[in-house]
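Engineer: The following block contains the structure, expressed as structure tokens.
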Amino acid sequence: RVLRGRNRNAFCVVRPPGHHAGLEGLLADAGSHGFCIFNNVAAGALHALEAEEHRCKRVAIIDIDVHHGNGTEEIVRNYPSPDRLLFFSIHLYDKEAAAVGDTDAFEFYPGSGSGDDTAHNIINVPLMPLWRQVQSGEGAGSKHGTRPIA
């Protein structure tokens with residue numbers, strides 16, 4: 001209805017989002033793509049922005065998931081008009097710094113999404129997992145810039 005001009009805006013709940021699949025499927029720096037083969041949400045957003053019969057002015061992708069949408073972030077980062085496409089992700093983030101030679105450092109999948117990229121209209125809201133809040137006893141953000149879950 002929005003693309004036909006009958007409504008001004010819409011909210012779409014997309015499952016599965018495919019948010020771990022990047023431009024060419026598996027991301028170059030990722031060990032997995034979390035069972036995501038095709039990024040449905042990014043494909044829909046780009047179609048709405050670029051198809052001649054639609055030509056939406058702007059699209060926002062709001063990703064609320066326990067895992068960061070690293071594939072969607074890669075696709076949005078490579079979109080040539082960042083003023084037309086917004087990616088907002090709220091997710092858990094927990095990544096221990098690995099010491100030299102340490103192969104047991106913990107990383108909550110996919111280990112990305114710790115910061116924003118405002119030049120490309122990417123906003124990440126990494127949340128500290130409850131297991132870290134209990135360990136710290138404070139409920140305050142960690143060294144990674146994560147926010148406590150209220």
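FYI, it's all coordinate maths here, none of it is from the lab. Only a predicted model underlies this, so the values are computations on that prediction, with no experimental measurement involved.
Engineer: Could you run the Karplus curve 6.51 cos²θ - 1.76 cosθ + 1.60 with θ = phi - 60° over region 82-87 and give me ³J(HN,Hα) per residue in whole Hz, x for Gly and Pro?
Structural biologist: For region 82-87, the Karplus-derived couplings read x, 6, 9, 9, 10, 10 Hz, x marking Gly and Pro.
Engineer: Long-range amide H contacts for Ile61: which residues qualify at under 5 Å (H placed 1.01 Å from N, peptide plane, sequence gap of 5 or more or a different chain)?
Structural biologist: The answer is Leu86, Phe87, Phe88.
Engineer: Show me, for region 5-19, the HN-Hα J-couplings you get by feeding each phi into the Karplus relation (A = 6.51, B = -1.76, C = 1.60, θ = phi - 60°), rounded to Hz, glycine and proline as x.
Structural biologist: Per-residue couplings from phi come out as x, 7, 10, 7, 8, 8, 10, 10, 9, 10, 10, x, x, x, 6 Hz.
Engineer: Convert each backbone phi in region 109-115 into a coupling constant with the Karplus relation 6.51 cos²θ - 1.76 cosθ + 1.60 (shift: θ = phi - 60°), then list the ³J(HN,Hα) values in order as whole Hz, x for Gly and Pro.
Structural biologist: Calculated HN-Hα couplings, in order: 4, x, x, 10, x, 7, x Hz.
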